[in-house]
1. Could you run through region 288-310 and say how many residues are under 17 Å from P129 (Cα atoms), at pLDDT 80 or above and either in contact with a Leu (Cβ under 9 Å, 6 or more places away or on another chain) or among the hydrophobic types (A, V, I, L, M, F, W, C) (or both)?
2. Here are some conditions: (1) within 20 Å of A139 (Cβ to Cβ); (2) surrounded by 12 or more Cβ atoms within 10 Å (Cβ to Cβ). S253 meets all but one. Which one does it not meet?
3. Would you mind finding the one in R269, R229, R220, R291 that is surrounded by 13 or more Cβ atoms within 10 Å (Cβ to Cβ) and in contact (Cβ under 8 Å) with a residue 40 or more places away in the chain?
4. Would you check which residues across region 138-161 are closer than 25 Å to L294 by Cβ and out of contact with any helix residue (DSSP H, G or I) (no Cβ under 6 Å at 6 or more places or on another chain) and list them?
5. Of the residues K36, K28, which single one is outside any helix (DSSP H, G or I), at pLDDT 85 or above and either surrounded by fewer than 16 Cβ atoms within 10 Å (Cβ to Cβ) or among the hydroxyl-bearing types (S, T, Y) (or both)?
6. Any residue at all in region 90-104 that's open to solvent by 70 Å² or more (accessible area, probe 1.4 Å), at pLDDT below 90 and either in a helix (DSSP H, G or I) or β-branched (V, I, T) (or both)?
Amino acid sequence: MPLLDTYLEFLAVRSRPNTVVAVAYDLKVFFTVVGKPPAQVVAADVLAFVTAQHTGRPAGRLQGVVDGSAGLSARTVRRRLSSVSGLYAFLQARGDVPANPVPRGLPTRRERQRPRQGVPLVRTPRTLPRILQPPQVDALLAALRTHRDRAMAEAMVFGGLRRCEVLGLRLADLQVAARRVFIADGKGGHQRLIPISARFFASLAAYLQTERPADAATDRVFVVLKGPRRGMPLSPAGLDQILDSARQRAGLSQVTCHQLRHTCLTRLREAGMALEAVQAQAGHASIESTRIYLHLADDWLASQYRKAAEAIDAQLLPGEPPSRILSIADGAGR
């Protein structure tokens, strides 16, 4: 479809390569399932597509989900709808289509009072990411076999770097004396300069001195150590395989790069790091993305509750010592 090629070319100018690949796949799925050219798609086709993606079964005249997966997650369906909506916003701006067929939401009985607050097409649950406990981190690091592998894991678990940021590090980005690294190409193209633990720089120094090939033809920090690709930049799949092998040796059920990043940011918040500082360390564009670590940090919610409960108890039971209040609560519970 020439219109899709034109849109992807436009998208490549303002987005990262991974984003273009993801959008291209989403659009391929959508138009394969719908079976219509872009100009003939209507809102009914979009709603039927949502049903087919959620259930994994044909909806109406659709012929099923092309990637064979049943019951796709709400986040996946929402992302695909976002890709489709972006395409039609582009086509509408060019004058190729009269309107965007992707509804912004479903109307409710309160449509007259609140015209912009409808029901979203896809409800995405807000779930907390999983993190590793300190013994699990120690077991994982001990199971890594090279200084390179340990340095990459420590960059995520002690610095909060994303997988792409670890693999994108260049030798010029390392500020060893200041114990900082420069993220030249973070998510969304944002740059930042962040500190990392001395443990990372110790593993990094051992890797650079004893393992990294002297004749490596790249300035990327982390490269392949053996085989025909020796000295070339390590791939995301290679890093995932390294972590998965170490996870099995450590006897852990699940370890991902994002899990290590979440673990770092949660521990920083638990240690008392200000939320704005955690945001800067993480490279979040919005503080709302960082607030999730308030809920991951066990001590934060408990301490806030204790302060509020003590104030309430002081109002309800004035003059009673805290120990007396606790004994009363225990008696009521029994």
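The values are calculated or read from the model by the stated rules, or taken from the named source; none is laboratory data. Not measured: the values here are computed from a predicted model. Backbone-built Cβ (ideal geometry, glycine too); neighbour counts: all protein chains shown. In case anyone asks, the SASA skips ligands and DNA or RNA and just uses the protein heavy atoms, side chains included. Shrake-Rupley method; radii C 1.70, N 1.55, O 1.52, S 1.80 Å.
1. Number satisfying all stated conditions: 4.
2. (2)
3. Details: R269 fails: in contact (Cβ under 8 Å) with a residue 40 or more places away in the chain; R229 fails: in contact (Cβ under 8 Å) with a residue 40 or more places away in the chain; R291 fails: in contact (Cβ under 8 Å) with a residue 40 or more places away in the chain.
Just one listed residue meets the conditions, R220.
4. G159 - this is the single residue of region 138-161 that is closer than 25 Å to L294 by Cβ and out of contact with any helix residue (DSSP H, G or I) (no Cβ under 6 Å at 6 or more places or on another chain).
5. Details: K28 fails: outside any helix (DSSP H, G or I).
Just one listed residue meets the conditions, K36.
6. Taking region 90-104 and keeping what is open to solvent by 70 Å² or more (accessible area, probe 1.4 Å), we get 92-94, 98, 104.
With the extra rule that they be at pLDDT below 90, the set shrinks to 104.
Checking which are either in a helix (DSSP H, G or I) or β-branched (V, I, T) (or both) leaves us with none.
No: zero hits.
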